[in-house]
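Structure, as structure tokens:
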Amino acid sequence: MRVISYVQPRRVVFGNGCAATCLEDTLQLGLRRVFLVTGPPVRPLVEPLVEGLRKGGVAVAVHDRVSTEPTITMLDEALQEAREWQPD
């Protein structure tokens, strides 16, 4: 079995209006290229975030092929796409 590292963010925000907080936080970081991972049922909910980032001058790639419980194959596909996209 391969070793997989999970890096936890310093802060986790959730609840009503959290997408707006995510937008503000991401823009404050000064990122220029963002790779967003989501699933088909959630994609419509993150679209305002994607649009806001793009309006803020951030290039965004969305990987929306993650099911409720991702497989190693799904992880590998997302990693390959992220490597090609080269996010900040």
* Complete set of residues in segment 39-50 that are under 12 Å from the mean Cα position of the chain (by Cα) and surrounded by fewer than 17 Cβ atoms within 10 Å (Cβ to Cβ) -> G39, V42, R43, E47
* Is it true that T68 is surrounded by fewer than 10 Cβ atoms within 10 Å (Cβ to Cβ), among the hydroxyl-bearing types (S, T, Y) and touching a residue at least 24 places away in the same chain (Cβ under 8 Å)? -> yes
* Asked: Of L36, L31, L53, L79, which residue is part of a helix (DSSP H, G or I) and either in contact (Cβ under 8 Å) with a residue 12 or more places away in the chain or surrounded by 15 or more Cβ atoms within 10 Å (Cβ to Cβ) (or both)?
  -> L53
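None of the figures in this text is laboratory data; all of them are computed from the coordinates on show. Fair warning: this is a prediction, and the values are worked out from it, not measured in the lab. Methodologically, a virtual Cβ is constructed for each residue, glycine included, from the backbone with ideal geometry; neighbour enumeration extends over all protein chains shown.
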